[in-house]
Amino acid sequence: MSDDRSVILKHSGYRAVIEPDRFVPGAYELVVDGTPQSHVNLEDPSSLFFEYIQRMGNVIDLIGDPGQPITAVHLGAGAMTIPRYIAATRPGSRQQVIELEQNLVELVRSVLPLPRGADVRVRYGDAREVLAKLPGGLVGSVDLVVVDIFSGARTPAHVTSQEFYTEAARLLSPTGIMLVNIADGPPLRFARSQAATLAQVLPHAAVLAEAQVVKGRRFGNFVLVGSAAPLPEKWLPRLMAAGPHPAVAVLGSDFEDFARGGLIVTDATATPSPPPARSIFQVKPGK
(Lines give C-alpha, C1' and ligand atoms only; values in the text may rest on other atoms or scores of the structure.)
Protein backbone atom coordinates (compact mmCIF):
# COMPACT_ATOMS: atom_id res chain seq x y z
CA MET A 1 0.00 0.00 0.00
CA SER A 2 1.37 3.42 -0.99
CA ASP A 3 2.43 5.95 1.66
CA ASP A 4 1.48 8.82 -0.66
CA ARG A 5 -2.18 9.22 0.22
CA SER A 6 -3.11 12.63 -1.18
CA VAL A 7 -3.23 14.46 -4.51
CA ILE A 8 -4.40 17.79 -5.92
CA LEU A 9 -7.07 16.99 -8.48
CA LYS A 10 -6.25 18.30 -11.94
CA HIS A 11 -9.66 19.63 -12.98
CA SER A 12 -11.20 20.89 -9.74
CA GLY A 13 -8.03 21.86 -7.91
CA TYR A 14 -9.38 20.19 -4.76
CA ARG A 15 -7.17 18.14 -2.47
CA ALA A 16 -8.10 14.46 -2.25
CA VAL A 17 -6.74 12.40 0.63
CA ILE A 18 -7.22 8.81 1.72
CA GLU A 19 -7.24 8.40 5.49
CA PRO A 20 -7.43 5.24 7.63
CA ASP A 21 -10.68 4.77 9.52
CA ARG A 22 -9.72 5.06 13.18
CA PHE A 23 -12.56 2.81 14.28
CA VAL A 24 -12.82 0.11 11.59
CA PRO A 25 -9.66 -1.97 11.03
CA GLY A 26 -8.80 -2.34 7.36
CA ALA A 27 -11.11 0.50 6.30
CA TYR A 28 -10.28 3.85 4.67
CA GLU A 29 -12.07 7.07 3.79
CA LEU A 30 -11.63 9.26 0.71
CA VAL A 31 -11.98 12.95 1.59
CA VAL A 32 -12.16 15.58 -1.17
CA ASP A 33 -11.99 19.29 -0.29
CA GLY A 34 -12.71 18.37 3.32
CA THR A 35 -15.84 16.37 2.41
CA PRO A 36 -15.94 12.59 3.02
CA GLN A 37 -16.87 11.02 -0.32
CA SER A 38 -16.16 7.31 -0.05
CA HIS A 39 -15.53 4.63 2.54
CA VAL A 40 -13.80 1.38 1.62
CA ASN A 41 -13.27 -1.73 3.73
CA LEU A 42 -10.38 -3.56 2.06
CA GLU A 43 -10.86 -6.61 4.25
CA ASP A 44 -14.57 -6.85 3.42
CA PRO A 45 -15.67 -4.99 0.24
CA SER A 46 -19.25 -6.14 0.85
CA SER A 47 -19.35 -3.98 4.00
CA LEU A 48 -20.92 -0.57 3.23
CA PHE A 49 -20.49 2.27 5.71
CA PHE A 50 -22.26 5.44 4.53
CA GLU A 51 -26.04 5.23 4.83
CA TYR A 52 -26.78 6.28 1.25
CA ILE A 53 -24.32 3.70 -0.07
CA GLN A 54 -26.03 1.04 2.02
CA ARG A 55 -29.35 2.03 0.42
CA MET A 56 -27.78 1.70 -3.03
CA GLY A 57 -26.42 -1.71 -2.07
CA ASN A 58 -29.86 -2.80 -0.90
CA VAL A 59 -31.32 -1.99 -4.33
CA ILE A 60 -28.46 -3.68 -6.16
CA ASP A 61 -29.09 -6.83 -4.13
CA LEU A 62 -32.63 -6.96 -5.56
CA ILE A 63 -31.63 -6.73 -9.23
CA GLY A 64 -32.16 -10.02 -11.07
CA ASP A 65 -31.25 -13.23 -9.28
CA PRO A 66 -29.24 -12.95 -6.05
CA GLY A 67 -25.49 -13.26 -6.56
CA GLN A 68 -25.68 -13.43 -10.35
CA PRO A 69 -23.38 -11.23 -12.48
CA ILE A 70 -24.70 -7.94 -13.81
CA THR A 71 -23.49 -5.27 -16.22
CA ALA A 72 -23.02 -1.90 -14.52
CA VAL A 73 -21.90 1.57 -15.55
CA HIS A 74 -20.80 4.01 -12.86
CA LEU A 75 -20.68 7.75 -13.49
CA GLY A 76 -18.25 9.04 -10.91
CA ALA A 77 -15.54 6.87 -9.34
CA GLY A 78 -14.85 8.08 -5.82
CA ALA A 79 -12.95 5.23 -4.18
CA MET A 80 -15.00 2.71 -6.23
CA THR A 81 -16.97 1.49 -3.23
CA ILE A 82 -19.96 0.26 -5.25
CA PRO A 83 -17.87 -1.42 -7.99
CA ARG A 84 -16.00 -3.27 -5.22
CA TYR A 85 -19.32 -4.26 -3.63
CA ILE A 86 -20.67 -5.62 -6.90
CA ALA A 87 -17.46 -7.52 -7.62
CA ALA A 88 -17.66 -9.11 -4.15
CA THR A 89 -21.38 -9.92 -4.09
CA ARG A 90 -21.89 -10.66 -7.80
CA PRO A 91 -18.67 -12.27 -9.08
CA GLY A 92 -18.23 -12.14 -12.83
CA SER A 93 -20.01 -8.80 -13.24
CA ARG A 94 -18.82 -6.49 -16.02
CA GLN A 95 -18.37 -2.90 -14.89
CA GLN A 96 -17.39 0.39 -16.47
CA VAL A 97 -16.47 3.49 -14.47
CA ILE A 98 -16.40 7.00 -15.94
CA GLU A 99 -14.35 9.55 -14.01
CA LEU A 100 -13.14 13.04 -14.86
CA GLU A 101 -10.18 13.11 -12.47
CA GLN A 102 -7.60 10.62 -13.70
CA ASN A 103 -5.18 11.26 -10.86
CA LEU A 104 -7.94 10.49 -8.36
CA VAL A 105 -8.33 7.01 -9.84
CA GLU A 106 -4.56 6.58 -9.87
CA LEU A 107 -4.43 7.51 -6.18
CA VAL A 108 -7.25 5.10 -5.31
CA ARG A 109 -5.72 2.26 -7.28
CA SER A 110 -2.36 2.84 -5.63
CA VAL A 111 -3.54 3.12 -2.03
CA LEU A 112 -6.70 0.99 -2.20
CA PRO A 113 -6.17 -1.67 -4.91
CA LEU A 114 -9.24 -3.29 -6.41
CA PRO A 115 -9.88 -6.93 -5.43
CA ARG A 116 -8.29 -9.59 -7.60
CA GLY A 117 -10.57 -10.67 -10.41
CA ALA A 118 -12.71 -7.52 -10.38
CA ASP A 119 -13.68 -6.76 -14.00
CA VAL A 120 -13.75 -2.97 -13.78
CA ARG A 121 -12.75 -0.80 -16.74
CA VAL A 122 -12.17 2.92 -16.19
CA ARG A 123 -12.76 5.56 -18.87
CA TYR A 124 -11.59 9.11 -18.24
CA GLY A 125 -13.42 12.29 -19.11
CA ASP A 126 -16.59 14.25 -18.47
CA ALA A 127 -19.53 11.92 -17.83
CA ARG A 128 -21.73 13.33 -20.58
CA GLU A 129 -18.97 13.37 -23.16
CA VAL A 130 -17.88 9.81 -22.41
CA LEU A 131 -21.48 8.53 -22.34
CA ALA A 132 -21.78 9.47 -26.00
CA LYS A 133 -18.63 7.48 -26.84
CA LEU A 134 -19.37 4.21 -25.02
CA PRO A 135 -19.47 1.05 -27.15
CA GLY A 136 -22.77 0.62 -28.98
CA GLY A 137 -23.15 -2.84 -27.49
CA LEU A 138 -23.83 -1.31 -24.09
CA VAL A 139 -26.88 0.60 -25.30
CA GLY A 140 -30.01 -1.15 -24.05
CA SER A 141 -28.06 -3.88 -22.26
CA VAL A 142 -26.96 -2.42 -18.90
CA ASP A 143 -28.59 -3.71 -15.70
CA LEU A 144 -27.45 -0.82 -13.52
CA VAL A 145 -26.38 2.78 -14.05
CA VAL A 146 -25.07 4.57 -10.95
CA VAL A 147 -24.88 8.37 -11.03
CA ASP A 148 -22.75 9.63 -8.15
CA ILE A 149 -21.05 12.75 -9.48
CA PHE A 150 -19.76 15.43 -7.15
CA SER A 151 -17.29 18.26 -7.48
CA GLY A 152 -16.37 18.75 -3.85
CA ALA A 153 -19.71 18.72 -2.02
CA ARG A 154 -21.88 19.74 -5.00
CA THR A 155 -23.34 17.99 -8.05
CA PRO A 156 -22.37 19.87 -11.25
CA ALA A 157 -25.27 21.43 -13.16
CA HIS A 158 -24.76 19.62 -16.46
CA VAL A 159 -25.43 16.19 -14.89
CA THR A 160 -28.79 17.20 -13.39
CA SER A 161 -30.85 17.81 -16.53
CA GLN A 162 -33.47 15.85 -18.43
CA GLU A 163 -31.11 15.70 -21.41
CA PHE A 164 -28.41 14.12 -19.22
CA TYR A 165 -30.75 11.52 -17.73
CA THR A 166 -32.04 10.69 -21.21
CA GLU A 167 -28.51 10.05 -22.42
CA ALA A 168 -27.67 7.86 -19.41
CA ALA A 169 -30.97 5.94 -19.62
CA ARG A 170 -30.17 4.85 -23.19
CA LEU A 171 -27.78 2.32 -21.68
CA LEU A 172 -30.40 0.56 -19.58
CA SER A 173 -31.98 -2.75 -20.49
CA PRO A 174 -35.81 -2.80 -20.47
CA THR A 175 -35.72 -3.72 -16.76
CA GLY A 176 -32.51 -1.85 -15.93
CA ILE A 177 -32.21 0.38 -12.87
CA MET A 178 -30.69 3.84 -12.48
CA LEU A 179 -29.48 4.92 -9.04
CA VAL A 180 -28.73 8.61 -8.46
CA ASN A 181 -27.09 10.04 -5.34
CA ILE A 182 -27.87 13.67 -4.59
CA ALA A 183 -27.70 15.83 -1.47
CA ASP A 184 -30.11 18.56 -0.41
CA GLY A 185 -31.67 20.23 2.60
CA PRO A 186 -34.69 22.35 3.46
CA PRO A 187 -36.77 23.32 1.51
CA LEU A 188 -35.77 20.42 -0.81
CA ARG A 189 -36.17 22.35 -4.06
CA PHE A 190 -33.23 20.56 -5.66
CA ALA A 191 -34.26 17.07 -4.51
CA ARG A 192 -37.86 17.54 -5.67
CA SER A 193 -36.75 18.90 -9.04
CA GLN A 194 -34.34 16.01 -9.54
CA ALA A 195 -37.05 13.50 -8.66
CA ALA A 196 -39.44 15.13 -11.12
CA THR A 197 -36.77 15.30 -13.82
CA LEU A 198 -35.71 11.68 -13.47
CA ALA A 199 -39.37 10.58 -13.58
CA GLN A 200 -39.77 12.36 -16.92
CA VAL A 201 -37.21 9.94 -18.33
CA LEU A 202 -37.79 6.82 -16.23
CA PRO A 203 -41.42 6.89 -15.14
CA HIS A 204 -41.18 4.23 -12.44
CA ALA A 205 -39.27 6.04 -9.74
CA ALA A 206 -38.67 6.07 -6.00
CA VAL A 207 -36.74 7.99 -3.35
CA LEU A 208 -34.78 6.35 -0.53
CA ALA A 209 -33.49 8.38 2.39
CA GLU A 210 -33.49 8.85 6.13
CA ALA A 211 -36.88 9.95 7.44
CA GLN A 212 -35.88 13.40 8.69
CA VAL A 213 -34.11 14.15 5.40
CA VAL A 214 -37.23 13.32 3.36
CA LYS A 215 -39.31 15.51 5.65
CA GLY A 216 -36.99 18.43 4.92
CA ARG A 217 -35.82 18.80 8.50
CA ARG A 218 -32.11 18.48 7.81
CA PHE A 219 -29.54 18.24 5.02
CA GLY A 220 -28.68 14.77 3.76
CA ASN A 221 -28.41 12.32 0.89
CA PHE A 222 -31.24 11.07 -1.30
CA VAL A 223 -30.99 7.96 -3.45
CA LEU A 224 -33.23 8.27 -6.49
CA VAL A 225 -34.27 5.04 -8.19
CA GLY A 226 -35.58 5.03 -11.76
CA SER A 227 -36.61 2.39 -14.28
CA ALA A 228 -38.61 2.09 -17.48
CA ALA A 229 -40.28 -0.98 -15.97
CA PRO A 230 -42.44 -1.12 -12.84
CA LEU A 231 -40.43 -1.62 -9.67
CA PRO A 232 -41.34 -5.04 -8.23
CA GLU A 233 -43.85 -4.85 -5.37
CA LYS A 234 -41.64 -7.15 -3.29
CA TRP A 235 -38.96 -4.45 -3.19
CA LEU A 236 -40.67 -2.13 -0.73
CA PRO A 237 -40.84 -4.41 2.32
CA ARG A 238 -37.33 -5.70 1.63
CA LEU A 239 -35.87 -2.22 1.29
CA MET A 240 -37.63 -1.03 4.44
CA ALA A 241 -36.42 -4.04 6.39
CA ALA A 242 -32.85 -3.66 5.08
CA GLY A 243 -32.50 -0.13 6.49
CA PRO A 244 -30.41 1.63 7.60
CA HIS A 245 -33.07 2.89 9.97
CA PRO A 246 -35.08 5.03 10.21
CA ALA A 247 -35.64 4.37 6.52
CA VAL A 248 -38.17 5.90 4.15
CA ALA A 249 -39.00 4.53 0.69
CA VAL A 250 -41.09 7.01 -1.29
CA LEU A 251 -42.83 5.56 -4.35
CA GLY A 252 -46.19 5.44 -6.08
CA SER A 253 -48.52 8.24 -5.05
CA ASP A 254 -46.10 9.27 -2.29
CA PHE A 255 -43.40 9.80 -4.90
CA GLU A 256 -45.80 11.90 -6.98
CA ASP A 257 -46.53 14.04 -3.91
CA PHE A 258 -42.79 14.41 -3.23
CA ALA A 259 -41.98 15.42 -6.82
CA ARG A 260 -45.03 17.65 -7.23
CA GLY A 261 -43.94 21.24 -7.66
CA GLY A 262 -40.42 20.19 -8.59
CA LEU A 263 -39.38 22.01 -11.75
CA ILE A 264 -38.18 19.86 -14.64
CA VAL A 265 -34.51 20.67 -15.16
CA THR A 266 -33.17 21.19 -18.67
CA ASP A 267 -29.70 22.07 -19.89
CA ALA A 268 -30.88 25.67 -20.18
CA THR A 269 -32.07 25.88 -16.56
CA ALA A 270 -29.70 23.52 -14.73
CA THR A 271 -27.81 24.71 -11.66
CA PRO A 272 -25.42 22.89 -9.30
CA SER A 273 -26.82 21.29 -6.17
CA PRO A 274 -26.92 23.59 -3.12
CA PRO A 275 -23.80 23.60 -0.96
CA PRO A 276 -24.15 22.17 2.54
CA ALA A 277 -23.05 24.14 5.55
CA ARG A 278 -19.38 23.36 6.02
CA SER A 279 -20.16 21.93 9.45
CA ILE A 280 -22.37 19.17 8.01
CA PHE A 281 -20.02 16.96 6.03
CA GLN A 282 -16.62 18.56 6.17
CA VAL A 283 -13.83 17.31 8.36
CA LYS A 284 -10.63 18.91 9.48
CA PRO A 285 -7.40 17.73 7.85
CA GLY A 286 -5.89 14.84 9.74
CA LYS A 287 -9.13 13.97 11.51
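The values are calculated or read from the model by the stated rules, or taken from the named source; none is laboratory data. Everything numeric in this text was worked out from a predicted model, so none of it was measured. In this analysis, Cβ positions are derived from the backbone assuming ideal geometry, glycine residues included, and neighbour counts consider all displayed protein chains. Surface accessibility is based on the protein's heavy atoms, side chains included, excluding ligands, DNA and RNA. Shrake-Rupley method; radii C 1.70, N 1.55, O 1.52, S 1.80 Å.
If the only charges are +1 at each Lys and Arg Cβ and -1 at each Asp and Glu Cβ, what is the size of the charge dipole of the stretch 1-111 around the Cα centre, to the nearest 20 debye?
Computed charge dipole of the stretch 1-111: roughly 220 debye.
Accessible area per residue for the chain in Å², computed with a 1.4 Å probe and the full protein assembly in place, what is it?
Per-residue accessible area for the chain comes out at 45 Å².
Quick one: compute the contact order of the chain, relative version, from alpha carbon pairs under 8 angstrom and 6+ residues apart, as a percent.
18 percent
Send over the per residue convex hull volume for the stretch 1-108, Cα only, as a whole number of Å³.
Here the figure is 105 Å³ per residue.
Could you give the semi-axes, largest first, of the ellipsoid that matches the stretch 215-254, computed as the square roots of 5 times the alpha carbon gyration tensor eigenvalues and rounded to whole Å?
Listed largest to smallest, the semi-axes of the stretch 215-254 are 20, 14, 9 Å.
Where the Cα atoms of the stretch 110-240 are projected onto their three principal axes, how long is each span, largest first, in whole Å?
41, 36, 32
What is the sum of charges around residue 163, taking Lys and Arg as +1, Asp and Glu as -1, for the other residues whose C-beta is under 10 Å from the C-beta of residue 163?
Within the 10 Å Cβ shell, the charges total -1.
Cα centroid distance between the stretch 1-31 and the stretch 223-274, in Å?
31 Å
Could you go through the stretch 148-161 in sequence order and give the Karplus-derived ³J(HN,Hα) for each residue, using 6.51 cos²θ - 1.76 cosθ + 1.60 with θ = phi - 60°, rounded to whole Hz, and x for Gly and Pro?
Using θ = phi - 60°, the values come out as 9, 10, 9, 10, x, 9, 10, 7, x, 4, 6, 10, 10, 9 Hz.
Pop out the ³J(HN,Hα) list for the stretch 34-41 in order, Karplus 6.51 cos²θ - 1.76 cosθ + 1.60 with θ = phi - 60°, rounded to Hz; leave Gly and Pro as x.
x, 10, x, 10, 8, 9, 10, 9
Please compute the contact order of the stretch 9-136 in relative form: average sequence separation of alpha-carbon pairs under 8 Å and at least six residues apart, divided by the residue count, as a percent.
20 percent
Report the full-extension gain for the segment residue 256 to residue 23: residue separation times 0.36 nm, less the Cα-Cα distance, to one decimal in nm.
The residue 256-residue 23 span can extend by a further 79.8 nm.
With all protein chains present and a 1.4 Å probe, how do 240, 56 order by accessible area, largest first?
240, 56
Using the Kirkwood radius over Cα pairs, work out the Stokes-Einstein diffusion coefficient for the stretch 31-91 at 20 °C and 1.002 mPa s, in µm²/s as a whole number.
My calculation gives 176 µm²/s for D.
Let me check against my output: what whole-number percent is the relative contact order of the stretch 128-215, with C-alpha pairs under 8 Å and at least 6 apart?
31 percent
Per the helix-only calculation at 222 nm, which mean residue ellipticity applies to the chain, given -39500 (n - 2.57) for every DSSP H run of n ≥ 4 and division by its residues, nearest 500 deg cm²/dmol?
So the helix-based figure for the chain works out to -7500 deg cm²/dmol.
Rg over Rh of the stretch 49-193, using C-alpha atoms and the Kirkwood radius, what does it come to?
So for the stretch 49-193, dividing Rg by the Kirkwood Rh gives 0.94.
Report, to one decimal in Å, the Kirkwood hydrodynamic radius for the stretch 73-137 based on all distinct Cα pairs.
In the stretch 73-137 this quantity evaluates to 12.1 Å.
Would you mind computing Rg(Cα) / (2.2 N^0.38 Å) for the stretch 144-209, counting N as its residues?
Against the empirical 2.2 N^0.38 Å value, I get 1.08 for the stretch 144-209.
Might you work out the accessible area of residue 38 for me, using a 1.4 Å probe with all protein chains in place, and round it to the nearest 10 Å²?
10 Å²
To the nearest 10 Å², what's residue 131's accessible area with a 1.4 Å probe?
Spelled out: residue 131, probe radius 1.4 Å, area about 10 Å².
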